[in-house]
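Below is one structure, written out as structure tokens; the observations come after it.
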Amino acid sequence: MFSVHSIAAALLCVSTLFPRATLSIPAKNHPTTVNLRIEGADKTIYEGPIFTIGHNVTTVYGDSHHCDGTNNNENEFPGPTCTSALDDASKKKGFQWDGTFFDEFDDYFVTSIGDSTETDSQFWGILLNFQFTPVGGCQQEVNAGDHILWAFDAFNAQHFLKLEGPKKAKRGVPTNFTVTDGMTGEAVEGATVNGVTSNAGGVVRIALGKKGLHGLKATLDGSIRSNQVQVEVY
Ligand SMILES: *[C@@H]1O[C@H](CO)[C@@H](O)[C@H](O)[C@H]1NC(C)=O
Ligand SMILES: *[C@@H]1O[C@H](CO)[C@@H](O)[C@H](O)[C@H]1NC(C)=O
């Protein structure tokens, strides 16, 4: 039987993980696991699942505001957002993010994540399931399993690379991986995966020589590097 106490205990558990969550969590704003990827100027800053809930966030600069989808009245009910996921990942992995809060949008414009800081012409962009979000990161709510991508220099990117391939491959046997643009679904030629270049069909044929788990990513100058495909070589 659920007692008030066991519910309170369960919520306390949640509030231990998310210190800023209050005990009166509305139905929709529960901790949710999303897939988060943060592609910095020179390297991947975060890639993997993150447990997130809408909460108040504080930048390096010290600005603290709500970040639960109700920003600018974008959603009626609070929930996890693109920026709450960024904030939770920064705490989990120990990197910092900063941003400028604009009252007129009731949202942050993120200026730096890790050591990748915006310039006069390069800005951070947010994509949800490979499409630019129409609103800011504290306004954009997310659902379980969503793919959130924070990409440095997003607005100049030619492609948002997406890599697909098998989870297992036999040692020394050429295996096909495919590079596409996640936004358009089109094959991307000329991208590099493990030193091999993709052909016109986006195919990269790789023979991996070492047994064990390999993490492969596609890169291409002027494009946002891909997700990592983990392949077990046996
Ligand atoms: C969260 O931020 C909002 C303003 O953005 C403020 O009104 C509220 O008091 C804050 N809540 C907590 C728990 O700090
Ligand atoms: C692998 O890619 C090559 C080159 O695109 C293609 O000719 C071949 O049919 C592919 N093999 C498989 C098993 O899909």
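The values are calculated or read from the model by the stated rules, or taken from the named source; none is laboratory data. Everything quoted here is computed from the prediction, not taken from an experiment. Neighbour counts run over all protein chains shown; Cβ positions are idealised from the backbone, glycine included. Surface accessibility is based on the protein's heavy atoms, side chains included, excluding ligands, DNA and RNA. Shrake-Rupley method; radii C 1.70, N 1.55, O 1.52, S 1.80 Å.
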Only unsatisfied item for Phe105, checking (1) under 25 Å from Ala191 (Cα atoms); (2) out of contact with any Ser or Thr (no Cβ under 8 Å at 6 or more places or on another chain), is (1)
Among (1) assigned to a loop (DSSP other than H, G, I, E, B); (2) crowded, with 23+ Cβ neighbours inside 10 Å - the single one Trp150 does not satisfy: (1)
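One line per residue, one yes/no per condition, for (1) of a type outside the set (Gly, Ala, Ser); (2) open to solvent by 10 Å² or more (accessible area, probe 1.4 Å); (3) more than 13 Å from ligand 1 (Cβ to nearest atom):
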{"residue": "Glu39", "(1), (2), (3)": "yes, no, yes"}
{"residue": "Phe51", "(1), (2), (3)": "yes, yes, yes"}
{"residue": "Gly62", "(1), (2), (3)": "no, yes, yes"}
{"residue": "Asp68", "(1), (2), (3)": "yes, yes, no"}
{"residue": "Glu74", "(1), (2), (3)": "yes, yes, yes"}
{"residue": "Phe77", "(1), (2), (3)": "yes, yes, yes"}
{"residue": "Ser84", "(1), (2), (3)": "no, no, no"}
{"residue": "Ala89", "(1), (2), (3)": "no, no, yes"}
{"residue": "Asp98", "(1), (2), (3)": "yes, yes, yes"}
Going residue by residue through region 177-195, is there one that turns out to be buried (at least 20 other Cβ atoms within 10 Å of the Cβ), touching a residue at least 24 places away in the same chain (Cβ under 8 Å) and aromatic (Phe, Trp, Tyr)? yes
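Could you list all residues from region 108-147 that are outside any loop (DSSP other than H, G, I, E, B), farther than 18 Å from Asp63 by Cβ and of a type in the set (A, V, I, L, M)? Don't jump to the end; show me each part of the working.
From region 108-147, those outside any loop (DSSP other than H, G, I, E, B) are 108-113, 116-117, 124-128, 131-132, 141, 147; that's our starting set.
Filter again for farther than 18 Å from Asp63 by Cβ, leaving 116, 125-128, 131-132, 141, 147.
Scanning region 108-147 gives Ile126, Leu127, Leu128.
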Being in contact with a Lys or Arg (Cβ under 8 Å, 6 or more places away or on another chain) and among the hydroxyl-bearing types (Ser, Thr, Tyr) is the filter here; which residues of region 193-232 pass it? Thr219, Ser226
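Within region 161-179, track down each residue that is away from ligand 2 (no atom under 11 Å from the Cβ) and in a loop (DSSP other than H, G, I, E, B). Before the answer, list the steps.
Keep residues of region 161-179 that are away from ligand 2 (no atom under 11 Å from the Cβ), which gives 161-164, 167-172, 179.
Selection gives Lys167, Lys170, Arg171, Gly172.
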